[in-house]
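Student: I have a structure here, written as C-alpha cells, and I will follow up with some questions on it.
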Amino acid sequence: MALRDDVAPVPRWRWRVDADGDRSARARAVILFLVLIYAVLFLFSLGSGASDTSFWAVLSGWLGGGSEALSLRDRVVIGDIRLPRVVLGSLIGASLAVSGAVMQGLFRNPLADPGIVGVGSGAGLGAITVIVLGNTVLAPVIGIFGIYALPLAAFGGGLVSTLLLYRVATRRGQTSIATMLLAGIALGALAGALSGMLVYVADDQELRDLTFWGLGSLAGATWAKIWAAGPIILAALAAAPFLARGLDAMVLGEATANHLGVRVQRVKNSAILAVAAATGASVAVAGGIGFVGIVVPHLLRLTIGPEHRYLLPASALLGASLLLVADAISRIVVAPAELPIGIVTATLGAPFFLWILLRQRGLLDL
Amino acid sequence: MAIEVDDLSVHIGRKAILSGVTLSVKPGAVTAIVGPNGSGKTTFLKAVSGDLPFDGEVRINGEALKGMKPWQAAAHRAVLPQASSLSFPYTVREVVKLGLLGGRSGANPTEQAQLPERALERVDLKGFAGRFYQELSGGEQQRVQLARVLCQVWQPVLDGQPRYLLLDEPVSSLDIKHQLIIMDIAARFASAGGGVLAVLHDLNLTARFADQVAMIHRGKLVAAGAPAEVFNDALVSDVFECRIQVGVPPSGDLPYVLPQSAQL
C-alpha cells in the first residue's frame, strides 16, 4: 500500500479565475458577505425556538426602555437559553471548521481532519471516561473539578493522543505525513477500543448519557459550558492567523517551506496544539459533530482559493454559520422536541464527503 | 563573500553519501555540479540548502549555515527543488507569490506587486498567471517554480551581500529552447553579482554556461575548475563509466562532449 500526498485533481466546477490569477479581492468580498450572513443567522437564531418569545419583542423592549414590556420569562428564554446556545454553536462551528482547515494545510491533504488523526477519538475517550467512571472510581477527582471535569478530560485526551501521535511519527524533528496518518488510524482504533470497554461496563443511566453526548448536541448549552470551553477555543482560533503564512509555505512541502524562511517545526507544533485544543474543547461540550471540518474548507477553496490568510477567517465564519443553520434544522424538524445536531451535520456532511472522495479517488493508492 | 563548503560529509544511517567535499561557490559565477546518477549531487545541494544534517562546515557570506534561522538563510539564497507537487488548486500567480513570503525580494514596494508577472515573463510564461498550477505540464510547472525562486531573491545583490540560486536539475524536463532560457536566467543572475549553484545532467549545457564545474563521483569531489580544465576524455569517461570523447571546435574554446559507447 502506498500513500500519496501529491495528487489532487483540480475540481471541475469552481469559480472562474481572472487572467491575473489574483483572487484576493474576491476573497475579501466573500469574507464580508459571510460576516453579513453570520449576523443574520445570529439574530434569526436568537429570535426562533420552541417558546414564542420573539427577538424583536425583546429588542424593542430593551430599546424602548419600558422594562414592563419584557417579561421575566422572555429574559430567561433569550439570555439563559437561546444566547448561550447560539454563542456555543458559533464557537464550536468556527473551531471545527478552522481545525479542519489547519489540519488539511498541515497534511497537504484536502481530506485530513482532526477526526482522521485520532484527536477526536482521544478527546472522546477522555469524555467517556468521565461519564462512565465519574460516579465510582473517579468520583473524588470529579469532586475537585466539578463541571470542568468533562471538558478538561476531553482536552487532555485529545492532547495525549496528539502527543503520542507525534512521538510515533516524528523523527529527528521531522514529521512524516504518511506515518502520522497511519499512526492516527492506529491510535483512533485504540481509543475506540478503550471507549468500547468503558461502554461495556456502563450502567443504564450512563449509557443514556453516553448516547446523547456521542450524538453531538447543543441542547445543554449553558454559560458554564461556555466559560469552560470558550477560552480554550478562542485561544486556538486566535492562534490560527499566525499560522496562515507557514501553512501557505507548507503546501509546497516541508523542505520548500524551510527554504522560504518558515520555521517549519514551530508551525507544525503550533498547528497541532491549536487543533488538539479546539477539537478537545468542542468534543467535550457538544460531543461528536462531524464533517464541518471537511465540508467548510473544501467549499471555500472552490470559491476563494486555498490561501490560508483568507481561508482561515472565512472557515471560522462559514463554520459558525453552518452550525447555526444545522442547529435551527435540528430544532425545527421534530419540534417541539429536537434532534441532536450531530445527526444533522452527519446527514448533510457524509454524502458530501463521499462526493469529494469520488472525485479524488486518485489521492489514495491502495 | 561566497558559499564556502568545507570538508562536507553526509551520512544516511552508516552509509557515507558524501565525504570531505570542499568547494567555493563564488558570486558572479555559475557553478555546476555534475556526476553520474547516485553520485551525491542532489545530496550536496540539499546539504548546502540546509535540508540535511551534515558534518563539516557551510558558510554563506562568512556566516555559518548551522547557526542560521530559516528566515536568515532565506534572505541569502533561494532553492529550486527537483519536483514540487501541490494538493490544493493554487493559481500560477499564487504559487509564484509564495516566493515573496519572506519579504526580502529586494524590490521596492511598487515593484513588488508586479513581481509575479515579471518573473513569469522571464521564464517565458507570460499570460499563465490565471491558470491552475496542477493543469500545467511538468516543464511548465518547473518554470513556475523557477519564477517563484526568482521572486525570493529578485535582486542578486542585497545590502551589499551577494545572494545565491541553488538549482536542482533546473532543466531536466524542458525542451532545448527553454533549457537555454533557464540557463540564460542563471547566467544573468550571476553576471548581476549573484551566485548560482546548479545540479546539471547535460555536460554540453554545462560546458556552455558554467564558469566552474564540480565533478562528483561516489560521494567525493574528483575535479573542480573551468569546463575546459575539467572536461577531458580520460576523466569524464572514468567518472561516467562509459566511453566519452571531449572535443574543442576550431571556432571557440568551449569544449563539447560526445558520448561514444557504454563500454569503456
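Just so it is clear, none of the values below were taken in a lab; they were calculated from the coordinates. Since the model is a prediction, treat every value here as computed from it, not as a measurement. In this analysis, Cβ positions are derived from the backbone assuming ideal geometry, glycine residues included, and neighbour counts consider all displayed protein chains.
Student: Give me the number: length gained by fully extending B:K126 to B:Q155, i.e. 0.36 nm times residue separation minus the C-alpha to C-alpha distance, one decimal in nm.
Tutor: Taking 0.36 nm per residue and subtracting the Cα distance, the gain is 8.4 nm.
Student: Explain nothing, just compute: Karplus ³J(HN,Hα) = 6.51 cos²θ - 1.76 cosθ + 1.60, θ = phi - 60°, for every residue of region A:294-304 in order, whole Hz, x for Gly and Pro.
Tutor: Working through the residues one at a time gives 8, 5, 5, x, 5, 4, 5, 4, 5, 9, 10 Hz.
Student: Quick check on region A:210-293: what are the equivalent-ellipsoid semi-axes from the Cα gyration tensor, as sqrt(5λ), descending, whole Å?
Tutor: Semi-axis lengths for region A:210-293 are 32, 13, 8 Å.
Student: FRET efficiency for B:R118 and A:D18, Cβ-Cβ distance as r, R0 = 22 Å, nearest 0.05?
Tutor: 0.75
Student: What is the P(r) of region B:3-230, as percent of Cα-Cα pairs per 5 Å bin from 0?
Tutor: All Cα pairs considered, the percentages come to 1, 7, 15, 19, 20, 17, 12, 6, 2, 0, 0.
Student: Now, a different point. Read phi for every residue in region B:89-94 and hand back ³J(HN,Hα) as whole Hz from Karplus 6.51 cos²θ - 1.76 cosθ + 1.60, θ = phi - 60°, with x for Gly and Pro.
Tutor: x, 7, 7, 4, 4, 5
Student: Just checking the output field for B:78-84: average partner chain Cβ neighbours within 10 Å of each residue's Cβ?
Tutor: Mean number of neighbouring Cβ atoms from other chains: 3.
Student: Fewest Cβ neighbours within 10 Å first, please rank A:W223, B:W154 accordingly.
Tutor: Sorted ascending by nearby Cβ count, the order is A:W223, B:W154.
Student: Next question, about the same structure. Using helices alone, I'd like the mean residue ellipticity at 222 nm for chain B: each DSSP H run of four-plus residues gives -39500 (n - 2.57), total over residue count, nearest 500.
Tutor: Helix-only estimate at 222 nm: -8500 deg cm²/dmol.
Student: Give the average, rounded to an integer, of partner chain Cβ atoms located within 10 angstrom of each Cβ in B:112-121.
Tutor: 1
Student: Still on this structure: What order, most packed first, do the peptides B:214-220, B:36-42 have when packing is the mean number of other Cβ atoms within 10 Å of each residue?
Tutor: B:214-220, B:36-42
Student: Along the Cα→Cβ direction, 7 angstrom out, place labels at A:L32 and A:V199. What is the inter-label distance in nm?
Tutor: Reported label-point gap for A:L32 and A:V199 is 4.8 nm.
Student: Here's another thing I want to ask about it. Any idea how many Lys pairs in the protein assembly as shown come in under 24 angstrom at the alpha carbon, given 8 or more places apart or on separate chains?
Tutor: 23
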